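Every number in this text was worked out from the coordinates using simple rules, so none of it is lab data. Only a predicted model underlies this, so the values are computations on that prediction, with no experimental measurement involved. Methodologically, a virtual Cβ is constructed for each residue, glycine included, from the backbone with ideal geometry; neighbour enumeration extends over all protein chains shown.
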Amino acid sequence: MSRYLICLLAIFTPLCALCQRVEAPLSLEDALMIARNKNLTLKLAHEEVVRAEAESRELNALWYPSLMVTGEYSHTTTEIAATTTLGEMGSELLGNLEPIIEANPVIGELINNIGKSELRLPIVPRNSAEVGAELIWVVFSGGRRVAASRISKALLSVANDRYSITQDVVVATVTEAYWGLALARELTRVRRSTLEQHGEHLRQARRLEEEGMINRAERLIAEVAYDQGVTLLASAEGNQRVAEECLNSLLATDSLAIVPTTPLSTPRTIPSWEELISLIPTTPTISALKRGSEIASLALNAERSRYLPTISLICHQQLWSWGLDKNIFPRTIVGVGLEWTLFDGLARESAIARSKSTLRSAQTTLQKTNTDLHTAVARYYAMLTTSLEEYRAQQTTLVLAEELVRAQQRAFAEGMATSSEVVDATQRLAEVRLAQLATLYAIDTSLATLLMLVGKADELITFFTPQ
């Protein structure tokens, strides 16, 4: 029995913990601050900057010499040696003794026999080893090092621009999710308020039916409206939970019952069309694409420089040797090395053609993106201004809808209106409230998207704070 009790506790304890979640009030400014510190997408973008910094240092290392410690052990099948005869070695001496040899044939024959004897002088033994230090310093590379250094700086700038772009995207995404949760909570509130109105109307309908003032059909209309309200409220609550999980995921926090404290509202001001257009050339997106074109141009110059030779300073210092005579093999060697590729199967020509194509693509992408940004800014600015006009018009519609509900409820209580008229007025009021909330959401998200497109997403809060 105790075993079953433990199993039940293990199942229901997490469920109870979920049910008892404490609400966490959170402003939009605090949500954006949390996202900057904990958002996983931003962390990945930061790692790209770190990699770009490392790559920049790696490319700049081409300016410095390379120092290596080398070791070698060799075993040959035969000993490397110089072979000669005593006669060849003493030819000069024998030339001076030629009168004596001619006068004494016996001595001459003896010297001739001795001169035929072979003499072997070893140079490298069959087993030898050496440890040395080698330094190579490229002093001329045809401009490849200069191009690599400039490319490294451009790559780092591109990484920083992409990080700024990611920041703007995260700000816009978190803002959209934050106000999406605010919208979901407001929709739930409207659905709950509408359900309460349907419930009050249903109680009146039942009382009036009992008193014989209305028929059964009128009461059934009220019941159907109430049941539909229950379904709509459950759907709204489900959407609210989904919005909460979405925002928690973006903030990389535990599952919290977040309560947005920055409500959906109209901004106190909006940027002008001319201001937004003037900011496009300085956006991180355009800056990154300009750097991309610069990198492609530098890569083309680097490929062209492959036609030129590479000149290097070379130094070799013997640190330790075994079996090698220092009188034959010098301990220090200093020289200049030259490497010049005269023909490589047209590989350089193909690389240059590829680099030219990459440069043209980068320039075309820059032009297209600039045009797309102008189009996107125009579209979202039109959405923003249109939504603002719609919201102002909805204010009057909301007042009218509220007054119609009150009038129909009073008329129904006096027997002057039908249940259908009360239900229709109540649903019409709910629709107006929902439409107004949707318009506010469109206004706020359109402004956030506009600021993201022009690289000013961080200034979003200033449009909602009082002057």
**Request:** Report, in whole Å, the centroid distance computed from the Cα atoms of the range 422-459 and the range 324-375.
**Result:** 54 Å
**Fill in**
For residue 456, counting only aspartates and glutamates whose alpha-carbon sits under 20 Å away and dropping same-chain residues fewer than eight positions off, the answer is 29, 30, 161, 168, 176, 274, 275, 372, 444
**Item:** Per-pair calculated FRET efficiency, R0 = 41 Å: residue 308 and residue 331 via Cβ, rounded to 0.05
**Value:** 0.75
**Asked** Out of every Cα pair in the range 209-323, what percent are spaced more than 17 Å from each other?
**Response** 83 percent
**Prompt:** Points 7 angstrom from Cα along the Cβ direction at residue 64 and residue 254: gap in nanometres?
**Reply:** 4.7 nm
**Asked** Which translational diffusion coefficient, to the nearest whole µm²/s, is obtained for the chain from the Stokes-Einstein equation, given a Kirkwood hydrodynamic radius over C-alpha pairs, 4 °C and 1.567 mPa s?
**Response** 41 µm²/s
**Request:** First select every other residue whose beta carbon is under 13 angstrom from the beta carbon of residue 144; then total the charges, Lys and Arg +1, Asp and Glu -1.
**Result:** +3
**Asked** If the cut-off is a Cα-Cα distance under 24 Å, which lysines reach residue 153, setting aside same-chain residues fewer than 8 apart in sequence?
**Response** 43, 290, 356
**Request:** Compute the FRET efficiency between residue 315 and residue 356 as 1/(1 + (r/R0)^6), taking r as their Cβ-Cβ distance and R0 = 56 Å, and round to the nearest 0.05.
**Result:** 0.90
**Asked** Using the Cβ atoms and a cut-off under 9 Å, what net charge is assigned to the surroundings of residue 209, where Lys and Arg are +1 and Asp and Glu are -1?
**Response** +1
**Item:** 14 Å reach of a label modelled at residue 230, 7 Å along Cα-to-Cβ, counting backbone N of the range 196-224
**Value:** 196, 198-200, 202-203, 222-224
**Prompt:** Given the convex hull over the Cα atoms of the range 343-396, what projected area results after averaging over all orientations, in nm²?
**Reply:** 4.2 nm²
**Message:** Helix-only mean residue ellipticity at 222 nm, the chain, DSSP H runs n ≥ 4 weighted -39,500 (n - 2.57), per residue, nearest 500. What is it?
**Reply:** -23500 deg cm²/dmol
